[in-house]
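I have placed the structure first, in the form of structure tokens, so that the comments after it can refer back to it.
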Amino acid sequence: MDSKSKFMRTLLFSIAFLTLQTFLGQDKTPNIILMIGDGMGLSQISAGMYANDNSTALEGFEYVGLSKTHALNQLITDSAASGTAMACGVKTLNGVIGIDGRNNKHISILELYKEKGYATGLLATSSIAHATPASFYAKVHSRRQYEDIALQLSEHNVDLFVGGGKDFFLEREDKRNLIDEMTQHTFVNNLEEFKKSSADKIGFLTYGEEPPPKRLGRAPALEDIVETSLQKMKAKETPFFMMIEGSQIDWGGHDNDTDYIISEFQEFNLTIQKVLDYAKANGNTLVIVTADHETGGFAITGGSLKRSRVKGSFNSKGHSATMVPVFSYGPNSDLFAGIYENTAIFDKMLITLKGATE
């Protein structure tokens with residue numbers, strides 16, 4: 001066989017091999033990382049950016065869209081209704097998780113991905129039983145049913161979860177010890193134990209109740225939790241779905257506290273950069289960063305770009321109905337451009353799942 005024939009055979013073999021990889025789904029099974037900055041409207045992002053030397057990791061994303069956040073019957077949503085919209089693809093009443101306005105329970109995008117063999121993770125700087133993370137695994141009529149929500153998590157098959165709320169698993173009215181009952185999970189008590197654990201399923205309940213603000217010493221840092229979680233997901237050698245919430249940007253808005261908002265956003269921004277770096281190195285990870293709603297009617301009213309200082313004002317202690325941005329990077333990221341209902345975030349993640357499993 002002459003050299004030209006050998007070259008052509010090698011070329012054809014390479015093309016066939018790449019085609020086979022695609023056919024087997026190697027290029028069709030992206031990881032999905034959904035990051036939710038609770039209460040993080042455009043003003044919160046802008047304030048955090050200006051206070052961070054006029055820079056944010058969000059500038060590294062490929063597409064930007066806008067999400068309409070209203071609830072089923074109210075213009076202003078809460079985190080339960082908006083979390084359910086993104087997690088389950090349906091509008092519902094404020095305060096309700098995983099159940100629509102006709103009392104139908106809905107499977108979440110995390111559960112759908114789990115059914116298709118994905119590993120799953122939930123990480124939050126709030127309690128793990130708080131409204132947003134709960135929207136991905138619980139079905140309750142009131143977000144305040146914390147013990148019921150914790151019970152549903154204990155019966156769920158989420159591979160990895162990190163957040164506060166340990167008391168909802170231990171200090172219960174029914175006297176049950178849900179941690180002891182979760183025999184499939186290994187529970188760790190600190191970041192070092194989390195890093196060292198090789199367990200297939202891990203729970204890390206960081207605080208008894210709600211974790212404190214970052215500026216008051218909340219630990220471990222979200223970016224460190226996420227970095228470790230990504231390493232564990234990668235080690236599973238299977239595609240994964242992960243939801244990461246920067247929960248307390250919202251609480252700064254409720255407190256009408258600009259410094260609180262900025263300190264929480266800055267930690268979330270560091271985490272976004274970790275995730276984006278992972279996605280760029282991996283090459284097959286879809287990252288979506290958005291908010292469930294804006295909080296506080298926050299506006300930037302002054303400051304100094306040179307000194308990275310921001311002054312703000314508020315017109316509410318609650319949420320507002322303004323649209324929130326959606327940033328996306330990676331496979332199918334173009335789907336997230338445009339203006340759409342928050343339920344469409346579920347739809348677009350579902351399209352990615354169907355493309356991965358057809």
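The values are calculated or read from the model by the stated rules, or taken from the named source; none is laboratory data. Remember, it's a predicted structure, so these values are computed and weren't measured experimentally. A quick note on method: Cβ atoms are made from the backbone with ideal geometry, for glycine too, and the neighbour counts reach across all protein chains shown. The protein model used for the area step is the full one, side chains on, heavy atoms only, and it has no ligands, DNA or RNA in it. Shrake-Rupley method; radii C 1.70, N 1.55, O 1.52, S 1.80 Å.
A few remarks follow.
- Placing pseudo-labels 7 Å out from each Cα toward the beta carbon at residue 73 and residue 196 gives an inter-label distance of 5.4 nm.
- 1.4 Å probe accessible area per residue over the range 237-358, in Å²: 38
- Cα shape, the range 265-358, gyration tensor, a/c 1.5 rule: oblate
- Furthest towards positive pole of dipole, 69, 55, 165, structure part the chain, Cβ charges: 55
- Modelled label reach - residue 277, point 7 Å along Cα→Cβ, the range 216-232 residues with backbone N closer than 17 Å: 221-232
- Potential extension, residue 62-residue 141 segment - 0.36 nm per residue separation minus Cα distance: 24.7 nm
- The apolar share of the surface of the chain, taken as the fraction of accessible area on carbon and sulfur atoms (1.4 Å probe, ligands and nucleic acids excluded), comes to 51 percent.
- Distance from the range 292-356 to the range 108-158 (C-alpha centre basis), Å: 22
- Test item: Cα-centred dipole of the chain, Lys/Arg +1 and Asp/Glu -1 on Cβ, debye: 800
- Residues of type lysines that residue 139 reaches as a straight line, Cα spacing below 16 Å, ignoring anything fewer than 8 places off in the same chain: 91, 105
- Charge dipole (debye, nearest 20) of the range 232-358; +1 at Cβ of Lys and Arg, -1 at Cβ of Asp and Glu: 460
- Residues residue 354 and residue 259, FRET efficiency given R0 of 41 Å [Cβ-Cβ distance, rounded to 0.05]: 0.40
- Positive-end residue, the chain charge dipole about Cα centroid, Cβ charges, pick of 310, 337, 136: 337
- For the range 74-131, size of Cβ-based charge dipole, Lys and Arg +1, Asp and Glu -1, in debye: 100
- Distance from the range 241-256 to the range 206-240 (C-alpha centre basis), Å: 14
- Cα shape, the range 129-268, gyration tensor, a/c 1.5 rule: oblate
- Phi to ³J(HN,Hα) by Karplus 6.51 cos²θ - 1.76 cosθ + 1.60 over the range 167-178, Hz, x for Gly, Pro: 5, 5, 9, 10, 8, 10, 5, 7, 6, 7, 9, 5
- Cα-based helix-to-principal-axis angle, 343-357 vs the chain, degrees rounded to 10: 20
- Couplings 3J(HN,Hα) for the range 151-158, derived from phi with the Karplus relation 6.51 cos²θ - 1.76 cosθ + 1.60 (θ = phi - 60°), are 4, 5, 5, 5, 9, 8, 10, 4 Hz, where x marks Gly and Pro.
- Counting only DSSP H runs of at least 4 residues, each contributing -39500 (n - 2.57), and dividing by the residue count of the chain, the helix-based mean residue ellipticity at 222 nm comes to -11000 deg cm²/dmol.
- Global form of the range 49-123, assessed from the alpha-carbon gyration tensor, a/c cut-off 1.5: oblate
- Where (i) 157; (ii) 167; (iii) 142 are the candidate values, the label of the one calculated here for volume of the Cα convex hull per residue in Å³ is (i).
- Inter-site label distance for residue 309 and residue 54 at 7 Å from Cα along Cβ, in nm: 1.7
- Close amide H partners of residue 164, meaning residues 5 or more places away or on another chain with modelled amide H under 5 Å apart, are 126, 127, 128, 206, 207.
- Across the range 115-131, rounded Karplus estimates of 3J(HN,Hα) from the backbone phi angles (6.51 cos²θ - 1.76 cosθ + 1.60, θ = phi - 60°) give 4, 8, x, 6, 6, 9, x, 10, 10, 8, 9, 10, 4, 6, 9, 6, 4 Hz, Gly and Pro being marked x.
- Hypothetical label at residue 171: residues of the range 131-164 whose amide nitrogen lies under 15 Å (7 Å Cα-Cβ projection): 146-147, 164
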